[in-house]
Amino acid sequence: MGPSRLARVAARCRALAVGSTVLFSAGSTACSDGAPSLILAATTSTYDSGLLESLVGDFQSSHPERSVRTIVVGSGEALELGKRGDVDVLIVHAPAAEDRFVREGHSARRTPLMINGFVLVGPEGDPAGVSGLDPVAALGRIASLGAAFVSRGDSSGTHERELALWREAGVTPERPWYLETGQGQGTSLQVASEREAYALTDRATFDVLSSILDLEPLVEGGPSLLNPYSVIVPTRAAHAVEAGELADWLTSEAGRQSIESFRLPRTNRPLFTPVGPEAAGGP
């Protein structure tokens with residue numbers, strides 16, 4: 001059952017032209033008793049930062065009878081896979097798209113999981129002079145000067161937030177100064193670094209990769225750059241009971257401790273902040 005579902009997911013992702021899709025397995029030696037393999041679809045920021053592998057490892061350490069296979073895509077593609085019943089659990093960070101997902105009846109359960117922040121990064125020297133501006137003003141200046149900007153362009157949570165900020169700025173970004181990679185966060189940041197361009201990124205991925213990038217954090221903080229993540233069990237999850245067990249663990253004290261303890265070694269600063277139990281409860 002598990003491998004055939006993964007094959008369907010891979011085919012779906014190819015049909016969606018998801019160039020940044022990453023498939024990998026965790027704990028595939030578990031389930032000796034024939035228990036089903038859960039498929040968890042998670043955003044590229046959780047993978048690029050290293051959090052996803054850490055969370056799955058911690059879950060399986062306390063649930064050795066469970067096998068979790070993961071697929072890494074943007075939030076938009078993850079939600080599409082959830083609609084089709086191709087995955088059992090989602091970790092996503094696209095609130096508007098999640099709201100639509102719930103309204104359309106595709107969610108059996110949606111619970112706040114964790115937060116971090118978005119940050120506008122750019123080349124050393126900040127040629128467009130956006131440092132210290134609010135995000136909307138910064139994007140307006142980038143557009144007015146035609147400064148190079150790299151977008152993921154992949155219907156991810158980061159891309160969704162970026163597009164919302166452009167709308168607030170009254171700007172329709174366009175070539176030649178605006179480039180869409182169609183790739184995940186890590187790859188898009190590398191492209192921005194190579195092209196001496198600006199980009200919007202989640203802070204965790206930037207912190208992990210900053211030592212190999214010629215980019216600086218320029219604009220961050222404030223409500224418009226808050227980056228909330230949710231864990232969702234889709235209505236069509238093939239293994240709803242087991243999916244609920246994983247979602248329960250992620251939002252439990254053990255799951256929150258796993259998120260909070262995942263830190264950047266050189267600074268010992270948490271890359272994500274778990275959401276407290278008072279914010280849980282789903283839609």
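General observations
- Meets criteria (loosely packed, with under 15 Cβ neighbours inside 10 Å, at pLDDT 50 or above, within 22 Å of the chain's Cα centre (by Cα) and more than 17 Å from His93 (Cα to Cα)) for Gly57: yes
- Within the stretch 254-276, residues that are surrounded by 12 or more Cβ atoms within 10 Å (Cβ to Cβ) reach partners that are of a type in the set (S, T, N, Q) and part of a strand (DSSP E or B) with beta carbons closer than 6 Å, at six or more positions or on different chains, in the pairs Phe272/Asn116.
- Matching entry among Thr273, Thr235 (being in contact with a Gly (Cβ under 8 Å, 6 or more places away or on another chain), in the same structural domain as Glu98 (by TED's automatic domain parsing) and either among the polar types (S, T, N, Q) or closer than 30 Å to Trp166 by Cα (or both)): Thr235
- Residue check for Gly105: assigned to a loop (DSSP other than H, G, I, E, B) and touching a residue at least 12 places away in the same chain (Cβ under 8 Å): yes
- Residue match in the stretch 203-217 (condition: surrounded by 15 or more Cβ atoms within 10 Å (Cβ to Cβ) and either basic (Lys, Arg) or in the same structural domain as Pro270 (by TED's automatic domain parsing) (or both)): yes
- Among the residues of the stretch 211-247, those that are β-branched (Val, Ile, Thr) and without any contact (Cβ under 8 Å) to a residue 40 or more places away in the chain comprise Ile212, Val241.
- Scan of the stretch 67-85 for residues that are assigned to a helix (DSSP H, G or I) and either basic (Lys, Arg) or within 16 Å of Val231 (Cβ to Cβ) (or both), ordered by number: Ser75, Ala78, Leu79, Leu81, Gly82, Lys83, Arg84
The values are calculated or read from the model by the stated rules, or taken from the named source; none is laboratory data. Small disclaimer: the values here were computed from a predicted structure and weren't measured. All Cβ positions, glycine included, derive from the backbone under ideal geometry; neighbour counts span all protein chains shown.
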